[in-house]
1. Shape verdict for segment 349-506, please, from the Cα gyration tensor: rounded (a/c under 1.5), prolate (a/b greater than b/c) or oblate.
2. How much accessible area per residue does the chain have, in Å², with a 1.4 Å probe?
3. Largest first, what is the accessible-area ranking of Glu16, Glu8, Glu401 with a 1.4 Å probe?
4. Which value, in Å³ per residue, describes the convex hull spanned by the Cα atoms of segment 269-404?
5. What order do you get for 559-570, 113-124, 360-371, 376-387 when each peptide is scored by the mean count of other beta carbon atoms within 10 Å, highest first?
6. Multiply the residue gap between Arg355 and Trp231 by 0.36 nm, knock off their C-alpha separation, and tell me the result in nm, one decimal place.
7. First compute the accessible area of the chain with a 1.4 Å probe, then give the percent of it belonging to carbon and sulfur atoms.
8. How big is segment 518-616 in terms of Cα radius of gyration and Dmax, in angstroms?
Amino acid sequence: LEFRSPSEIRSDLYVERDGKQRRLTKGQRLVQPDARKDGTIIAVQLAATRTRLVLLDSNGRAQRLVRDGMSDETWSEPRWSPDGRSVAAVHRAHGGSFTLEIIDMETGESRVVERGPWLISSPAWSANNGAVYYVSEETGIPALMRATAIDGGRVPMQRAGEGNGIFSPDVSPSGRMLVAVALRADGYHVGVAGDTSPLRPAGPMLPPPPAAPVIESEPLATGEYHRYSPWRSALPRYWNPILENAPNGGVRLGATTSGRDVISRHIYELSAATTTTGTYPTASLVYRYAGLRRPFIDVDVSQDYTLEATLRNGGTTDVVGNLQRRTQSGSLGATFVRARVRTYTSLSFGGGLERRKFISDPIDLIRQLDPGFLRQYQYPSVFLAGTWSNTQRPTLSISAEDGVSLAVTARGRTRSDSVSDRASASVIGTASLFKSLDLPGYAHHVLALRVAGGFADRRAASSLQIGGTSSGTIQIIPSYTVGEGRRTFGVRGFPAGSVFGTRAATGTFEYRAPLGLAGKGIGSLPFFFDRSSVTAFVDAGVADCDPSPLNPTVCSSARLLGQTLASTGGELVLSAAIFDWDTPQKIRLGFAVPVAGRALVGARQFSVYGAYGLSF
């Protein structure tokens, strides 16, 4: 399978020899191929409301059309006979009548082996061309059948204990072994028979019935038709309360919700809250419009209040109030996505505006501070970001495997009242590498390496911070969320922002190993434990600063700059669905031991933490 656009996926033929893959076709919508000994390929080609059989050479070049299909007509599962002269295929005609046909590839003539208004599937030839095995659901239960290839005489093949159905039969090249899949009470089983004799014929059956009359399906459903409107399905269907501490020491109350229309043309998240005193309201809106298909248009607007400082009575420890920073921001961006089955690439660009204003509580205190706190500042910015990844995620994997993920973001920013003097630029890049190891366990073991680096010039208004635990966030119950969020320069075991500056670099190495595959719930409670794994890690990071920064507050003290922070530790990773059976979350329980730089920043000798999602 391969994407041709963000909303189109097509199937093509590949050949693999000695572990190397080579693509044979592009955009041909080919499925269910079967190759003859000389390499000639018979395959099913998908088309609008129909399928057909096509013949291709060993390099995937089309040779001829074997069978075409009309509207609501399909051909499927073609299989070469051992001598390469015939093809067995399943044909479904309009109205739901199935046939199993043997096509003579020289003359193009067909012989019907079975016909009926029931499902017929999975033809497989005997080694001597004399018979075709297949599955018929004439009785309502998939049953293994055998038909002679010459006259089409059929006999059902019965085995004790296979009353729930047999699927996907196949015959060994020698003809001595028959293999099939059987459905039993505890799941599917693969079974083999030493030869075909234990599958005792149950007596001959009557010849296939004549073709059923064509059943005309209604061309158009009844009802009123109109142009698609997204608004009804895009309305929010839920809300969760917000209950959290406010920067001024009070309580912040509000609600959050999200929604999308049925075809994901409009996607949004919305939240709003205010304190119990009715002051310092916060709100955010994240919206994506995907109606253009390429690019996506992203809008992000928000207002928030953060505690900047605690105000004390001149030279004493008496707290008289606090200083808060109100940040209003908005951005508009465009994202081009090139999704492929084996790779993913994206490119985003856009611009934004951030407004900052300082507010004191009580409000009159701000007049006693530096005059710079009385002004409102505006920071226009532009950004350019790109990502590329070819990592793999098998079904039971514990993390990404066997690939590389790269990301880089460049940002330009200035201050509106001093454009040339305050213009600054920054670049941040990350690279993650994964290698699987085929060691014991329900999944591969994984070696994971991540490096991150960032640079900002001397005019930077914000810093690059080292420290903290990188994670996602998870809402345990409405209004209660855990997790620190993603950190570009996280170092576990150290407080967030332990060291900061205009230059930063971190590296993380992890060994991830599967632990157990539970797959169990707790009765009918909304808890489901999926799988678990363990991780051993080493983190390290360092931050430095421009010798003469325009804003000295963006850099730590000189004694911390250039000093390495490092830690080691381990994690238990649980994949579980909490209050939601359908969406498993990864929960990490870990410990970290600083091994370098602990005394510099006052970190603990040993710390225990919980986090959500993998570190990267």
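The values are calculated or read from the model by the stated rules, or taken from the named source; none is laboratory data. These figures come from a predicted structure and were not determined experimentally. Counting neighbours? That spans all protein chains shown, and the Cβs are built from the backbone with ideal geometry, glycine included. Just so you know, the surface numbers come from the protein's heavy atoms only, side chains and all, with ligands and any DNA or RNA stripped out. Shrake-Rupley method; radii C 1.70, N 1.55, O 1.52, S 1.80 Å.
1. Judged from the Cα gyration tensor, segment 349-506 comes out prolate (a/c at least 1.5, a/b above b/c).
2. The answer is 54 Å² per residue.
3. Descending order: Glu16, Glu8, Glu401.
4. Value for segment 269-404: 207 Å³ per residue.
5. Listed from highest to lowest mean packing, they are 113-124, 559-570, 376-387, 360-371.
6. 41.4 nm
7. Accessible surface attributable to carbon and sulfur in the chain totals 57 percent.
8. Radius of gyration, then largest Cα-Cα span, for segment 518-616: 19.4, 63 Å.
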